[in-house]
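The values are calculated or read from the model by the stated rules, or taken from the named source; none is laboratory data. On a predicted model such as this, the values are computed, not experimentally measured, just so you know. Cβ: placed from backbone, ideal geometry, glycine included. Neighbour counts: every protein chain shown.
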Amino acid sequence: MEDGSYHELAERVSPYHYVSANSVTMLMAYGKKNKIVPFKVHNRLLSALDKNHVPYDYHVFPRSGHGLYSDPGQAKKYVHKLGDYYDKYFD
């Protein structure tokens, strides 16, 4: 996909296109050094969620890429946040 079609495809399937007032609450994690889904893209999703009044929380991994492996301290915090999210919405 060196011809730029990757970016075209990624844009077409980006989750922010599918946000509506009926979207469920979201918990998201972002690696600031992500080369697959650039960090700046999350702003579009957050804007769509705000516009539709969808509750969300997100956590940034400042040294991680797409796999979120380079921030062990942050990972521990995120796991706790994930547990709280689970207890609140799935229990």
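Within the range 13-30, residues that are free of Cβ contacts under 8 Å to residues at least 40 places away in the same chain sit with their Cβ atoms under 7 Å from residues that are surrounded by fewer than 10 Cβ atoms within 10 Å (Cβ to Cβ), at 6+ positions apart or across chains, in these pairs: 21/53.
Would you confirm, using the coordinates I've provided, whether residue 18 is over 23 Å from residue 77 (Cβ atoms) and modelled with pLDDT under 90? In short, no. The listed residues are 57, 71, and the only one of them that is within 26 Å of residue 11 (Cβ to Cβ) and of a type in the set (Asp, Glu) turns out to be 57. What do you reckon, is residue 68 at negative phi, surrounded by 12 or more Cβ atoms within 10 Å (Cβ to Cβ) and either part of a loop (DSSP other than H, G, I, E, B) or not hydroxyl-bearing (Ser, Thr, Tyr) (or both)? No: the conditions fail for residue 68.
Taking only the range 1-40 into account, find how many residues are in a helix (DSSP H, G or I), surrounded by 14 or more Cβ atoms within 10 Å (Cβ to Cβ) and not small (Gly, Ala, Ser). Reasoning before the result, please.
From the range 1-40, those in a helix (DSSP H, G or I) are 5-13, 15-18, 39-40; that's our starting set.
In the following step, the residues that additionally are surrounded by 14 or more Cβ atoms within 10 Å (Cβ to Cβ) were identified as 10, 15-16, 39.
Then drop every residue that is not not small (Gly, Ala, Ser), which leaves 15-16, 39.
Residues that pass the stated criteria total 3.
Here is a yes/no grid of residues against (1) in a loop (DSSP other than H, G, I, E, B); (2) surrounded by 15 or more Cβ atoms within 10 Å (Cβ to Cβ); (3) among the aliphatic types (A, V, I, L, M):
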site	(1), (2), (3)
42	no, yes, no
48	no, yes, yes
74	no, yes, no
79	no, no, yes
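Among the residues of the range 81-91, which ones are of a type in the set (Asp, Glu) and surrounded by 10 or more Cβ atoms within 10 Å (Cβ to Cβ)? 84, the sole residue that qualifies. Across the range 54-65, which residue is surrounded by the fewest Cβ atoms within 10 Å (Cβ to Cβ) among those that are of a type outside the set (Ser, Thr, Tyr) and either under 23 Å from residue 87 (Cβ atoms) or touching a residue at least 40 places away in the same chain (Cβ under 8 Å) (or both)? Across the range 54-65, the extreme among qualifying residues is 55.
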